[in-house]
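Single-structure report; data block below.
The values are calculated or read from the model by the stated rules, or taken from the named source; none is laboratory data. All figures in this text were calculated on a predicted structure; none of them were measured in a lab. Backbone-built Cβ (ideal geometry, glycine too); neighbour counts: all protein chains shown.
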Amino acid sequence: MNFNRVVIKVGSALVSPDNNGCSGKYIQAIARFVTKCRQENKEVILVSSGSVAAGRHLIQHGSPIPSIPTKQAMASVGQMKMMANWQRFFDVPCSQLLITHGDLKDRERYINIKNTLRILLANGIIPVVNENDTVATEELKVGDNDNLAALVALISEADCLIILSDIDGVYDKDPKINDDAEMLCEISEITDAIYAMAGTTNNPIATGGMKTKIQAAEKAVENGIETYILNGTNSQVFDKILLGENPGTHFLANKEVSRAKKHWLKHILKSHGQLLLDNGAVNAVKNNGASLLPSGIISINGDFVAGESLDIIDANTKVIIAKGICQYNHQDLFRIKGENSEKIQSILGFCPSKVIVHRDDMVIL
């Protein structure tokens with residue numbers, strides 16, 4: 001597998017094999033794989049289930065299927081246990097990100113999550129993401145960590161998504177009741193027939209199943225992210241991955257996506273304002289592959305909010321040289337234009353980003 005940034009989703013069955021507290025039984029091999037990836041200069045983001053299972057034995061309940069408030073209480077105490085379980089297997093710091101669907105729907109919070117992940121990875125920290133089960137209401141829940149992992153892969157612009165569970169991959173029929181079931185090693189297109197092969201989970205704590213894994217794969221491959229469903233209970237799987245082999249089911253990514261994103265930025269995303277740059281900033285953006293800093297902005301036009309697209313203009317020639325997604329609204333940007341990035345905090349009282357338009361969110365025209 002050739003990837004530079006990978007999101008690894010770890011299911012409840014791996015974090016808490018007996019649904020009663022955390023365990024290192026399977027996590028240790030996964031952590032070793034993460035460490036080897038990092039030694040090869042690959043960036044890793046973990047999306048970990050298991051907070052409810054980790055806290056299950058600490059909260060009294062009288063049902064095999066706990067109520068929502070009870071599960072939220074389990075998640076509240078279990079999240080601490082789960083994070084401690086991950087951290088003990090790494091020599092570098094881990095960070096905790098708890099998010100809801102409401103965070104992903106809100107433009108500014110979406111950008112904040114994206115920036116946070118960028119900074120954590122740049123500082124060699126391992127982000128561990130989970131849904132904020134303690135506060136998420138039904139309408140604000142993603143619902144399962146398979147789909148959450150796919151969304152995190154999109155936000156972080158990962159080029160690979162690995163979904164780890166206690167299953168080998170996608171089979172043409174249920175292998176538990178069909179001895180002749182065959183695993184599909186490669187899936188080039190996710191059709192209704194592929195979904196028809198998906199079963200449901202028998203785990204009372206888990207929220208996903210094969211269906212949600214296929215849904216996650218569909219989200220990812222449509223955005224150019226190579227996706228794998230692998231058995232995380234088998235440590236040999238990780239050795240095979242590092243050797244470039246595919247030990248599970250590989251969903252092939254749409255290879256046209258990188259071009260599609262540039263097309264989306266260039267032709268489809270409506271511009272809500274303009275940024276006029278000095279010569280130094282124009283050169284940095286056009287020729288040096290740089291992000292846009294506030295110091296190079298001479299003036300701004302338009303009323304816009306953070307997360308909207310802007311035209312980036314050479315102030316001398318009045319030619320549009322690029323388009324990109326802005327990290328600030330027009331009021332805040334007016335106050336910091338022409339200033340050094342280090343002064344943003346003192347001027348605004350906050351600093352969500354030291355760049356105005358990140359290179360990943362920009363297309364040169």
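So which pairs qualify, if the first residue must be in segment 180-196 and in contact (Cβ under 8 Å) with a residue 60 or more places away in the chain and outside the structural domain of residue 226 (by TED's automatic domain parsing), the second must be outside any helix (DSSP H, G or I) and not hydrophobic (A, V, I, L, M, F, W, C), the Cβ gap must be under 8 Å, and the two must be at least 6 apart or on different chains?
Nothing qualifies.
Scan segment 323-339 and give yes if some residue there is among the aromatic types (Phe, Trp, Tyr) and part of a loop (DSSP other than H, G, I, E, B), otherwise no.
Yes, because at least one residue in segment 323-339 is among the aromatic types (Phe, Trp, Tyr) and part of a loop (DSSP other than H, G, I, E, B).
Counting just the residues of segment 38-61 that are in a helix (DSSP H, G or I) and surrounded by fewer than 19 Cβ atoms within 10 Å (Cβ to Cβ), which one comes out nearest to the chain's Cα centre (by Cα)?
From segment 38-61, those in a helix (DSSP H, G or I) are 38-39, 51-58; that's our starting set.
Those still in the list that are surrounded by fewer than 19 Cβ atoms within 10 Å (Cβ to Cβ) too: 38-39, 57-58.
Details: 38: 17, 39: 21, 57: 30, 58: 30 Å.
Top of the filtered list is 38.
Any chance you could count how many residues in segment 154-182 are surrounded by 13 or more Cβ atoms within 10 Å (Cβ to Cβ), part of a loop (DSSP other than H, G, I, E, B), out of contact with any Asp or Glu (no Cβ under 7 Å at 6 or more places or on another chain) and hydrophobic (A, V, I, L, M, F, W, C)?
3
So that you can scan it fast, the table gives a plain yes or no per residue for (1) free of Cβ contacts under 8 Å to residues at least 60 places away in the same chain; (2) buried (at least 19 other Cβ atoms within 10 Å of the Cβ):
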{"site": "210", "(1), (2)": "yes, yes"}
{"site": "216", "(1), (2)": "no, yes"}
{"site": "220", "(1), (2)": "no, yes"}
{"site": "227", "(1), (2)": "no, yes"}
{"site": "236", "(1), (2)": "yes, no"}
{"site": "241", "(1), (2)": "no, yes"}
{"site": "245", "(1), (2)": "yes, no"}
{"site": "250", "(1), (2)": "no, yes"}
{"site": "254", "(1), (2)": "yes, no"}
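Would you mind stating whether residue 58 is in contact with a strand residue (DSSP E or B) (Cβ under 7 Å, 6 or more places away or on another chain) and of a type outside the set (Phe, Trp, Tyr)? Walk me through it before giving the result.
Working: in contact with a strand residue (DSSP E or B) (Cβ under 7 Å, 6 or more places away or on another chain): no; of a type outside the set (Phe, Trp, Tyr): yes.
No; evaluated as a whole, the condition is false for this residue.
Please determine whether any residue of segment 286-300 is modelled with pLDDT under 95, assigned to a loop (DSSP other than H, G, I, E, B) and over 30 Å from residue 340 (Cα atoms).
So far as segment 286-300 goes, no, none of its residues is modelled with pLDDT under 95, assigned to a loop (DSSP other than H, G, I, E, B) and over 30 Å from residue 340 (Cα atoms).
For every residue, the table says whether it meets (1) closer than 15 Å to residue 12 by Cα; (2) charged (D, E, K, R).
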site	(1), (2)
68	no, no
71	yes, yes
78	yes, no
81	yes, yes
85	yes, no
88	no, yes
92	no, no
95	no, no
100	no, no
